[in-house]
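Following: one structure in structure tokens, then a few remarks.
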Amino acid sequence: MTEWKIFLDLQCPYSKVFWERLPSIQEKFGSKYIFTRHITSLVFHPQAFDAQCAVTLVGNVRDMEIRRKYEDALFENQESYMNSALGDAKKSEVVTVLANIAEKVDGLFDESFTRDNFVEKIQDWELCIKPAYEEHKVALGYNVYGTPKHVINGQLMVDTESSWNADEWATYLERQGL
């Protein structure tokens, strides 16, 4: 099967639009493609890197399944950490919002990893910042400078739209010979 890498920014409204359509796209193409989600952050989304660090932390102290659930929760609650909601917030206020969303994810917090641990470790270089930056560099390596973006079989798909449904993707992929 061919890998379909999806690059998303957790604060990007266009990434959220694609994320909402992703289940139907995976259903239609799941027998042909292995879908992988990659989080990156765009410079003009000031809370995006903090959110990326948060999901990186969760992936590192929990597992990828809980990380994906947290990514989903962040998209579901995206309006709570958009610029219009937070204004000129301090980093501690952004972290509080991200921790509030994390509390909604079953299995994310327990005795071994608490909300306080999350708040304390979200800016840890080895657990969060460095690996989040490494994931960002993967996006840049594919010339991903916006989101959502798609890399199929190692090639960046150009001229795609976040709003496409599964049938529109089918037409596009057919034109690309995929």
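The values are calculated or read from the model by the stated rules, or taken from the named source; none is laboratory data. Just so we're clear, the structure is a prediction, and the values are computed from it rather than from any experiment. FYI the Cβ positions are ideal-geometry reconstructions off the backbone, even for glycines, and counts take in every protein chain you see. All accessible areas refer to the heavy atoms of the entire protein, side chains included, with ligands and DNA or RNA removed. Shrake-Rupley method; radii C 1.70, N 1.55, O 1.52, S 1.80 Å.
Of note:
- Of the criteria (1) farther than 15 Å from H45 by Cβ; (2) surrounded by 14 or more Cβ atoms within 10 Å (Cβ to Cβ); (3) among the small types (G, A, S); (4) without any contact (Cβ under 8 Å) to a residue 24 or more places away in the chain, which one S112 fails: (2)
- Filtered residues of region 146-178 (kept if hydroxyl-bearing (S, T, Y) and touching a residue at least 60 places away in the same chain (Cβ under 8 Å)): T147, S162, S163
- Some residue of region 103-117 being closer than 17 Å to R37 by Cβ and touching a His at 6+ places or on another chain (Cβ under 9 Å): no
- The set of residues in region 128-145 being surrounded by 15 or more Cβ atoms within 10 Å (Cβ to Cβ) and either part of a loop (DSSP other than H, G, I, E, B) or touching a helix residue (DSSP H, G or I) at 6+ places or on another chain (Cβ under 8 Å) (or both) consists of C128, I129, P131, A132, E135, H136, Y142, V144.
- Residue that is surrounded by the most Cβ atoms within 10 Å (Cβ to Cβ) [pool: residues in region 61-71 that are touching a residue at least 40 places away in the same chain (Cβ under 8 Å) and closer than 23 Å to S15 by Cα]: E71
Matching residues to (1) over 17 Å from G146 (Cβ atoms); (2) more than 17 Å from the chain's Cα centre (by Cα); (3) polar (S, T, N, Q):
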{"position": "C12", "(1), (2), (3)": "no, no, no"}
{"position": "E20", "(1), (2), (3)": "yes, no, no"}
{"position": "H38", "(1), (2), (3)": "no, no, no"}
{"position": "H45", "(1), (2), (3)": "no, no, no"}
{"position": "L57", "(1), (2), (3)": "yes, no, no"}
{"position": "A89", "(1), (2), (3)": "yes, yes, no"}
{"position": "T96", "(1), (2), (3)": "yes, yes, yes"}
{"position": "D106", "(1), (2), (3)": "yes, yes, no"}
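- The number of residues in region 85-131 that are aliphatic (A, V, I, L, M) and within 14 Å of G59 (Cα to Cα) comes to 6.
- Candidate set: region 21-41, residues that are open to solvent by 10 Å² or more (accessible area, probe 1.4 Å), outside any strand (DSSP E or B) and in contact with a Phe, Trp or Tyr (Cβ under 8 Å, 6 or more places away or on another chain); chosen: the one farthest from V138 (Cα to Cα): K28
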